[in-house]
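Below: one structure, written as structure tokens.
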Amino acid sequence: MLPISRRSLLHGVAGAGVLPFLGIGPATTAASEDTPSPRWVGAGPFTYVHDPSTSNGPRYLNDHTLVHARGRWHLFGIVGDSAPRGESPDSSAEISFAHASAPSPHGPWTSHADALTVDPSYFGEEHLWAPHVVEADGRFWMFYAAGGERGAAINLATSTDLFTWTREPSGPLFRGLAARDPMVLRVGGEWVMYYTELSDVGGHHVVAYRRSADLLRWSEPGVAFTDASTDATVSVTESPYVVQRDGWYYLFIGPRNGYEGTDVLASRDPFRFELAGYAGHVPGHAVEVVADGERWYVSAAGWFRNGLYVAPLYWRDSPAPWQSPDNPVAGLDVHGRLTVFALDAADRSMLRRVQLDPYTDAWSEWETFGGPAGAVPTLGRDTDGRLEVFSIAPGGVHLNHRVQRPDGGWHDWTGFGGPAGAAPAVARAASGRLEVFAPSPGGASVARRRQRAPGSPAWDPWEPGFGGAAGAPPVVAANADGRLEAFVLSPGGSGVIHRWQEAADGPWTAAWHPFGTAAGAAPRVAVDGSGRLSVAAIGPSGVGTFVRRQTVPSGGWDEWLPLFGWSAGAPAFAANADGRLEAFSLAPGGARLSHRWQVAPGGNWAPGGEFGEPGIRLVATPTAALDPAGRLHVFAVTVAGGIRTRVQDRPNGGWRPWTAFGDRAVAPLVSSSPAF
């Protein structure tokens, strides 16, 4: 394999670089000089287009398929009864396929009778999962996953009208260790089926493939992609979907970056994909890709959504930037006033709102502060209290920087380098100098830059080789002894790694060190009143949130412990006035917000409970910040783009009801996820 080639970070070059060639497969031809570079893939906003619920109650869709035939689009998908807010349903109860049709992917969709229901007499079927339909030889062929005591199986049913389906009389096409989620593509002169599998008992999760000339007889399996994690983790090699475009093959695979996320890998070879071919991200679960004329769409569904969502699919020359970890972002300014920054929903200009009186909760109106921006900014605070704002331009072509004056006013925006993959993480070193850490476009590397002196307008040059490839933007915090420590997600979520200063304001460890097993998204880090750091990360697919705490300030680390159940991302942390951390975790789909807190600084966590508003769905993990009166404020963005806030009634105390935070609509960006 040729080494990956990406243009250097933050040296004024706006291009995205070139993905590596990953080999030539039996069904491909050698790349020529005319072969274009692969495109970067992303999606626009998802639109809710179909509710599969019935008079018996709400239902969800999961893995599904869309097929265009005879002038209409047809949808077939796993269907089940929705679980209570924030909880996952019983997948063993998924025993039928919903069916609906529409004139376009955006609808209007008409529900039909369920297309297929489990038949235990048919070779021991116990469930129906992940249908995929293709049209060939005058028939429609539905491949789906089923199984039982005899093991996982890929089954087949056929139809001539898309309404009446007949199972293949000879039984399953083949069985496997964990065979599921089939997808069939025409490659050259043969059919290729991609599906989820295990490499061996206790082995790795893989995307396997088989070949066929007639859709009935299939070859022995090969492996198209192997996940770096083992069966000790939840699989993130689900729902494979392969698209061919301009001589390249694109593998869509998830759940990555949480339950509602799908990564895209590009390859010249349809039988070999690697993480080095990372080509983008779609913030949806179990996605399917369809083309309607010249337009490309991606559909998504899942346990925590009541139905089908559709978004435009984009093919770009450069990667989209990751979003900032907080939306909105908040911090204290030079006068100690809590200040909130967000992006306008209409034009993505930067907005600012300032707390005028922490004792009466009086706030300024929203005002334009700059932009447009590619993500919500990140904040640093100098030793004299002045805020420094770091913003990424649309498309990640460069970073911008704005500094507060001692009188509370602001200097003009200035360039801060580029291109970049996200607004940088910011921390203050023991010397008082700010240090920033930013991933390159697409996460091929991490760069570092620091002030030349505390509060200085001058900065050292970027250090582009601070870290290797990253699966998400880094996070950084200061130890009790002043040493900075950085944490980053490995590509593909195979683990969390960390690197630290060996002495306060001194050199960093020569290499990154493992910090945990596979993780589902970017971690979070915070310091509590005891001086100990705590790091939280979600498990693969977002099945739960786990926290790891320093044994002593600036020292080693305790074991990982569970903190929350199903989570969309790592929780927001904030320290109370008495130093106790509070944590806020959003469930996938945004319907449930959970809350826990330390019973003492550095201590154990109280059980906690529900913190959100019934009927209000959020788009990202909220932001929490302490005001000068010692009260925590929580800010959350709703699906409609409004900001809601909840405030402690007194320092370290209980909470007032949720209220609206101004009437300005803000961009409902998905936290810590690349998005167009």
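For Val488, are the conditions met, namely being buried (at least 21 other Cβ atoms within 10 Å of the Cβ), under 28 Å from Gly385 (Cα atoms) and either free of Cβ contacts under 8 Å to residues at least 60 places away in the same chain or among the hydroxyl-bearing types (Ser, Thr, Tyr) (or both)? Taking the combined requirement at face value, the residue satisfies it. Just give me the residues in the range 603-640 being surrounded by fewer than 20 Cβ atoms within 10 Å (Cβ to Cβ) and over 23 Å from Thr339 (Cα atoms), in sequence order. Those that are surrounded by fewer than 20 Cβ atoms within 10 Å (Cβ to Cβ) and over 23 Å from Thr339 (Cα atoms): Gly603, Asn604, Ala606, Pro607, Gly608, Gly609, Glu610, Glu613, Pro614, Gly615, Ile616, Arg617. Looking only at the range 308-341, filter to residues that are under 30 Å from Thr110 (Cβ atoms) and among the hydroxyl-bearing types (Ser, Thr, Tyr); which one of those is surrounded by the most Cβ atoms within 10 Å (Cβ to Cβ)? Applying the filter and picking the extreme gives Tyr309.
Residues that are surrounded by 19 or more Cβ atoms within 10 Å (Cβ to Cβ) and in contact with an Asp or Glu (Cβ under 9 Å, 6 or more places away or on another chain) within the range 145-166 comprise Ala145, Ala146, Gly147, Ala152, Ala153, Asn155, Leu156, Ala157, listed in sequence order. Name the single residue, out of those in the range 133-150 being within 32 Å of the chain's Cα centre (by Cα) and small (Gly, Ala, Ser), that is nearest to Asn62 (Cα to Cα). Taking the candidates together, the pick is Ala145. Take the residues in the range 98-135 that are touching a helix residue (DSSP H, G or I) at 6+ places or on another chain (Cβ under 9 Å) and outside any strand (DSSP E or B), then tell me which one is surrounded by the most Cβ atoms within 10 Å (Cβ to Cβ). Checked the range 98-135; the qualifying residue surrounded by the most Cβ atoms within 10 Å (Cβ to Cβ) is His127.
Going residue by residue through the range 543-554, is there one that turns out to be within 21 Å of the chain's Cα centre (by Cα), over 18 Å from His595 (Cα atoms) and in a loop (DSSP other than H, G, I, E, B)? Scanning the range 543-554 turns up no residue that is within 21 Å of the chain's Cα centre (by Cα), over 18 Å from His595 (Cα atoms) and in a loop (DSSP other than H, G, I, E, B). Kindly evaluate Thr110 against the criterion of being of a type outside the set (Phe, Trp, Tyr), farther than 18 Å from Glu288 by Cβ, without any contact (Cβ under 8 Å) to a residue 40 or more places away in the chain and touching a Leu at 6+ places or on another chain (Cβ under 9 Å). The answer is no for Thr110.
Taking the conditions (1) free of Cβ contacts under 8 Å to residues at least 40 places away in the same chain; (2) more than 28 Å from Pro457 (Cα to Cα); (3) of a type in the set (S, T, N, Q) in turn, Ser318 satisfies each one other than (1).
The selection criterion, being in contact (Cβ under 8 Å) with a residue 60 or more places away in the chain and in contact with a helix residue (DSSP H, G or I) (Cβ under 9 Å, 6 or more places away or on another chain), does not hold for Pro439.
Selection of the range 551-566 for residues being closer than 23 Å to Leu626 by Cβ and touching a residue at least 40 places away in the same chain (Cβ under 8 Å) yields Pro553, Ser554, Leu563. Checking Glu135, Glu220 one by one, the residue that is acidic (Asp, Glu), without any contact (Cβ under 8 Å) to a residue 40 or more places away in the chain and over 20 Å from Tyr250 (Cα atoms) is Glu220 and no other.
Here Gly293 fulfils each of the conditions (1) over 30 Å from Ser585 (Cβ atoms); (2) at pLDDT 95 or above apart from (2). Within the range 337-347, the set of residues being over 11 Å from Ser364 (Cβ atoms), part of a loop (DSSP other than H, G, I, E, B) and in contact (Cβ under 8 Å) with a residue 40 or more places away in the chain comprises Ala345, Ala346. Being modelled with pLDDT under 95 and not polar (S, T, N, Q) holds for only one residue in Gly531, Gly579, Gly542, and it is Gly542.
Quick grid of which residues meet (1) in contact with a strand residue (DSSP E or B) (Cβ under 9 Å, 6 or more places away or on another chain); (2) closer than 24 Å to Gly506 by Cβ; (3) surrounded by 23 or more Cβ atoms within 10 Å (Cβ to Cβ):
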residue	(1), (2), (3)
Ala422	yes, no, yes
Ala425	yes, yes, yes
Val436	yes, yes, yes
Gly443	yes, no, yes
Ala447	yes, yes, yes
Ala453	no, yes, no
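The values are calculated or read from the model by the stated rules, or taken from the named source; none is laboratory data. Not measured: the values here are computed from a predicted model. Here the Cβ is made from the backbone with ideal geometry for all residues, glycine too, and neighbour counts use every protein chain on show.
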